[in-house]
Amino acid sequence: MSQRTNEYGQPIGEEVPNWTGRQAPLRRPMQGRYTRLEPLSFADHANDLFEAYSLDKEGILWTYMGVGPFSTFESFRAWMEPACQSNDPLFHAIIDAKSEKAIGFASYLRIDPPVGVIEVGFIAYSPLLQRSRVATEAMFLMMARVFDELGYRRYEWKCDSLNAPSRAAAQRLGFTYDGLFEQATVYKGRNRDTAWFSILDRDWPRLRAAYEAWLDPANFTAGGQQKRRLADLITEHRG
């Protein structure tokens, strides 16, 4: 395709015909096979979450987050009560369908409805949630809301460039690495170079097919082991 130009011969981006701004995410649950996401509620989720996070004895899961660790329930309350009222970030508790307990949270943030861009972040998986079908399905449900329900164009993931588990998770989940923003911010008294990743709306149909295949109960043994990796299914559906 040839590069579009304006009347002065300057290169310009492709047209986005009939584009209109999108709606901000609503405060309503997302239901899956293994998990349910609910708007974060102190009354409904605080006790379960504090108990789940307390299993992380060393507080490692908070290393690359701007908050935590929380050594007492009162310190957790001081952070969580305002977080429950926030619209950006918009937090969701991640509920295990088997136990019906909240075992982590994630949020939409930097929400920009006029241009259809939104970020997933502020993700805190307790030890009960890490490396599980629940964790992967939670990310799938959040993507599905953004692309299928709301019609956004771009879905972002950002993390401290030194956070190797987060970078690996982004790539496993199908995000494309966009680049490094050096000295992007300061948190907990230290520098953060931010790694940027994204999924575009044109990527979503093949990613959705890969997720649906991976989450199918037939993809797991009786002992819960995956038969095919999500990364392999994403590659297969890329064609």
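The values are calculated or read from the model by the stated rules, or taken from the named source; none is laboratory data. Source: prediction; values computed, not measured. Virtual Cβ from ideal backbone geometry, glycine too; neighbours counted across all protein chains shown. Keep in mind that these areas ignore ligands, DNA and RNA; they rest on the heavy atoms of the full protein, side chains included. Shrake-Rupley method; radii C 1.70, N 1.55, O 1.52, S 1.80 Å.
Looking at the chain only, what percent of DSSP beta bridges run antiparallel? Nearest 5 please. Restricted to the chain, the bridges split so that about 90 percent are antiparallel. Working note: Karplus 6.51/-1.76/1.60 with θ = phi - 60° gives segment 224-229 the couplings x, 7, 5, 8, 10, 6 Hz, where Gly and Pro are set to x.
Tell me, what is the FRET efficiency for ASP148 and SER71 to the nearest 0.05, using R0 = 41 angstrom and their Cβ-Cβ distance as r?
Taking R0 as 41 Å, the efficiency between ASP148 and SER71 is 0.55.
Share of carbon and sulfur in the accessible area of segment 1-152 stands at 50%, probe radius 1.4 Å. Distance between the 7 Å Cα→Cβ label points at ARG228 and THR176: 2.3 nm. Remark on segment 92-210: Rg and Dmax equal 14.5, 42 Å (Cα only). Across LEU128, LEU26, LEU90, mean-square fluctuation computed from a Gaussian network of the chain (C-alpha pairs under 10 Å connected) peaks at LEU26.
Rolling a 1.4 Å probe over the heavy atoms of the protein chains gives segment 98-238 an accessible area of 48 Å² per residue. Measuring between their Cα centroids, segment 174-225 and segment 1-45 lie 16 Å from each other.
Which percent of the accessible heavy-atom area of segment 159-239 goes to carbon and sulfur, probe 1.4 angstrom? Exposed carbon and sulfur together represent 49 percent of the surface. For the residues ALA124, ALA222, ALA210, a GNM of the chain with alpha-carbon springs under 10 Å puts the largest fluctuation on ALA222.
Using 0.36 nm per residue and subtracting the Cα-Cα separation, the extra length available between PHE220 and ALA184 on full extension is 8.9 nm.
Note on LYS158: aspartates and glutamates with a C-alpha under 19 Å away, same-chain residues under 8 apart excluded, are ASP88, ASP112, GLU119, ASP178, GLU182, ASP193, ASP201, ASP203. Got a sec to turn the phi values of segment 37-46 into Karplus ³J(HN,Hα) couplings, 6.51 cos²θ - 1.76 cosθ + 1.60 with θ = phi - 60°, whole Hz, x for Gly and Pro? Going residue by residue, I get 9, 10, x, 4, 9, 4, 4, 8, 10, 4 Hz, with x marking Gly and Pro.
Sequence-ordered 3J(HN,Hα) estimates for segment 90-101 from the Karplus curve with 6.51, -1.76 and 1.60 and θ = phi - 60° stand at 9, 7, 10, 7, 9, 9, 6, 5, 6, 8, 6, 10 Hz, glycine and proline given as x.
With N denoting the number of residues in the chain, provide Rg(C-alpha) divided by 2.2 N^0.38 Å, to two decimal places.
Against the empirical 2.2 N^0.38 Å value, I get 1.08 for the chain.
Each label was represented as a point 7 Å from its Cα along the Cα-to-Cβ direction; for GLN3 and ALA78 these points are 5.5 nm apart.
Over all directions, the average projected area of the alpha-carbon convex hull for segment 1-93 comes to how many nm²?
Averaging across all directions leaves 11.4 nm² for the Cα convex hull.
When the helices of the chain are scored as -39500 (n - 2.57) per DSSP H run of n ≥ 4 and the total is divided over every residue, the value at 222 nm lands at -8500 deg cm²/dmol. In plain terms, the bigger the Kirkwood radius, the slower the diffusion; for segment 144-239, with that radius from Cα pairs, at 20 °C and 1.002 mPa s, Stokes-Einstein puts D at 143 µm²/s.
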